[in-house]
Amino acid sequence: MENWKETLRANLLPLLAAVVIGVLVGAVDALFGRVLLAIGDVRDAHFVPLVVGLPLAGAAIAWAYRRWGGPCGKGMGLVFAAGRGEEEVIPLKLIPLILGGTWLTHLTGGSAGREGVAVQIGATVGHGIGRRLDQGNHRVYLVTGMATGFGGLFRTPLAAACFALEVGTAGALDLRALLPALVGSYTASAVSGALGLEKFTVELAPFTPDGKNWCALLLCGVLFGLVGGAFAKVLSWAKGALGQKIPQPVARAAGVGAVLAVLLFLLGQGRYAGLGTNLISLSTSGGEVFAWDWALKFLFTVTTLAARFQGGEVTPLFSIGASLGAVAGPLLGLPVAWCAALGYAAVFGGATNTLLAPILIGCEVFGYGALPVFFPVCALAYVCSGGGSIYGAQRTLPEETFTGKRA
């Protein structure tokens, strides 16, 4: 009888907790996402006076993290460490720090994303609840929290659950967390939607590739994987190089912020600021996309994040991939919107070293009818990315896991 009760508790408690985590994180995601979009509108309307404040914003963010951040400065590294039991606590102060830092980054024109905020907030809530309810099973709650953060913000619950399951260790899925992650991500998506956070979707025109098209699509998969892998490697190098060149974080953020402000003004007057959703919309709707858009968005995002401004990488990766696809499509004889959509998903997968999440986010954003095309392109991007990740604390399974041999 006791075993039956324990089994019921072990299986039911994470699901009930997932609903609670989903409601809490979905509400925070809605607040964060809606304020961020409003901030983007204000910045676009008053770009010149606001971008002047980018160095001061960087200095303020760096000072706040140095003064109050403690382990919060590790970002996603703290989340991964907590999942592996290397850190006991994800401090609640992470939430106001990362919210305020990201809003300030975007207000003053930094090129950054938003998923890092949502995933870290979700992980903080999930891990905190797990430590109180079921200390021995805390990783399940942390993964659930990560899924709710991603799912509530992007409103793509299947991709969110798979992202949380696979991102910690490349090539491995912790299936103990599968059902709680799904319940939490669907709950968060429903809550954020009910609170007014809209989901980005695009309807693609019908496309049936022929043999020539398939050759071009597979070439795109290689290209997207190489660009995604390059982003991860360049970002890691830039963080180390800037850290060595300017070791004082406040001075680093202020100095790099000043350079960014000038370049953001001179090159497009805000075209490459913020999330990059402007480039995504242009790429998927047949708007004017320049051949260099993806490269400049790549460089501005790497520089912004290497200087330790706050936000994330994923939405800029969507933007880089979509604008690269919009340029590559006509050269390869492919429909522009389709190639942009494939780049949107596949560059994200190549940079995060994930496979299932990019395939599913492609389906949830562009329609499940596109699955037969998204699957091989994203799989090839995953293989060709080089195995690096924007998340430096991500681990990979050792070779003996697959071969049965020890090195």
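Coordinate-derived values only; no laboratory data. On a predicted model such as this, the values are computed, not experimentally measured, just so you know. Methodologically, a virtual Cβ is constructed for each residue, glycine included, from the backbone with ideal geometry; neighbour enumeration extends over all protein chains shown.
Quick rundown of the values:
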read-out	value
Size of charge dipole - the chain - debye, nearest 20, with Cβ of Lys, Arg +1 and Asp, Glu -1, no other charges	960
Highest to lowest packing among 127-133, 167-173, scored as the average C-beta count within 10 Å	127-133, 167-173
Peptide ranges 210-223, 55-68 listed from the most packed, as the mean C-beta count within 10 angstrom indicates	55-68, 210-223
Cα gyration tensor, region 113-265 - rounded (a/c under 1.5), prolate or oblate	oblate
Percent of Cα-Cα distances greater than 38 Å, calculated over the chain	16
Kyte-Doolittle at least 0.0, axis length at least 18 Å by Cα - qualifying DSSP helices, the chain	2-45, 94-107, 115-133, 138-154, 178-194, 211-245, 249-266, 293-306, 314-332, 336-352, 371-384
Lys pairs under 23 Å by Cα in the chain, provided they are eight or more residues apart or on distinct chains	8
Packing rank of 99-107, 138-146, 77-85, where each peptide gets the mean count of other beta carbons within 10 Å, highest leading	138-146, 99-107, 77-85
Value of [θ]222 nm, deg cm²/dmol, for the chain, DSSP H segments ≥ 4, -39500 (n - 2.57) each, nearest 500	-23500 deg cm²/dmol
Spin-label pair Ala205/Leu267, simplified geometry with 7 Å Cα→Cβ offset, distance in nm	3.2
